[in-house]
Structures are given as C-alpha cells and as structure tokens.
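To start, the structure under review is shown below, and the notes come after it.
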Amino acid sequence: MRFCINGCLAVCIQYGVYWLLLHFGFEKNIAFTAGYIVSFTYNFIATSYWTFRSKPTWKRFTGFAGSHVVNYLVQIVFLNAFCWLGFTEKISGLLAMAAAVPINYVILHFVYKK
C-alpha cells in the first residue's frame, strides 16, 4: 500500500513538472527528463524512509538509481512511441509512466528486499 501511495505521489510530481514545462514550450523529452529528475529525488527519500522503512545508504542509492535508469529509458521509449502513434504529448506522458510501473516495482523489490 505504501508503495502505491508513494508511487502515485511520484507520478503526480513527475507529470506535474512535465506538464508545466510543456506548457512553457519545452521540448517533450527535455520536459519529461526534468520531471523525472525531480520525481526521482522525492521518490528515493520517500521510498527509503516511508515505503521500505529503511535509512538511505549509498548502496541503496546505487541500486535505486540503477533501477531508475532502466525505468527512465523504458518511459522515454514509451513516451516517444506513443507520440509516434499519434497520441498527444500530454497523454503520451501519462501512458509512458503507467506502462513502466510494473517493471520498476519488480526491480525495486530486489533492491530493498534481500
């Protein structure tokens, strides 16, 4: 349950930054990347302290960052694929984030649980 709540907040942060930057004329990949970075920062802190109730460590940060590199790449590919298929940039961002959730959960589960 905590994973879902934290994930929803992270998605809201990421999409909010993405939407705002699109609104101000930023290119979709730049806006999406900026939203991802802001969300990533929040997400690492909240995932450590609240979702998995553990202290952030460099080892966990490395695993978290590694999983998020994969997650970011999956999302950016989906973003561009959905745009290519004719969806708007705003809808494509949401679809890309949703498509990456199961992949990210599986990776993070192995980072935080032995």
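The values are calculated or read from the model by the stated rules, or taken from the named source; none is laboratory data. Keep in mind it's a predicted model, so treat the numbers as computed, not measured. With ideal geometry, Cβ positions are generated from the backbone for all residues, glycine too; neighbour counts draw on all protein chains shown. What goes into the accessible areas is simple: the full protein's heavy atoms, side chains included, and nothing from ligands, DNA or RNA. Shrake-Rupley method; radii C 1.70, N 1.55, O 1.52, S 1.80 Å.
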| Any idea how many residues of the range 38-49 are surrounded by 13 or more Cβ atoms within 10 Å (Cβ to Cβ) and either hydrophobic (A, V, I, L, M, F, W, C) or farther than 20 Å from Cys4 by Cβ (or both)? | 4
| field | Among residues of the range 50-64, those that are closer than 18 Å to Ile37 by Cβ, assigned to a helix (DSSP H, G or I) and open to solvent by 40 Å² or more (accessible area, probe 1.4 Å), counted | value | 2
| task | Would you be able to tell me the number of residues in the range 13-52 that are within 10 Å of the chain's Cα centre (by Cα) and under 17 Å from Ala98 (Cβ atoms)? | result | 8
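Condition check ((1) in a helix (DSSP H, G or I); (2) touching a residue at least 12 places away in the same chain (Cβ under 8 Å); (3) under 18 Å from Tyr15 (Cα atoms); (4) more than 12 Å from the chain's Cα centre (by Cα)) across all residues:
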site	(1), (2), (3), (4)
Ser67	yes, yes, no, no
Asn71	yes, yes, yes, no
Val74	yes, yes, yes, no
Phe87	no, no, yes, yes
| How many residues are surrounded by 13 or more Cβ atoms within 10 Å (Cβ to Cβ), within 16 Å of Leu20 (Cα to Cα) and in contact with a Phe, Trp or Tyr (Cβ under 8 Å, 6 or more places away or on another chain) when one looks only at the range 77-94? | 4
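Criterion first (of a type in the set (A, V, I, L, M) and surrounded by 13 or more Cβ atoms within 10 Å (Cβ to Cβ)) does Met97 satisfy it?
yes
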| remark: Over the range 20-37, the set of residues open to solvent by 50 Å² or more (accessible area, probe 1.4 Å) and under 18 Å from Ala81 (Cα atoms) is Glu27, Ile30
| Can you name every residue in the range 1-10 that is at pLDDT 85 or above and open to solvent by 50 Å² or more (accessible area, probe 1.4 Å)? | Ile5, Cys8, Leu9
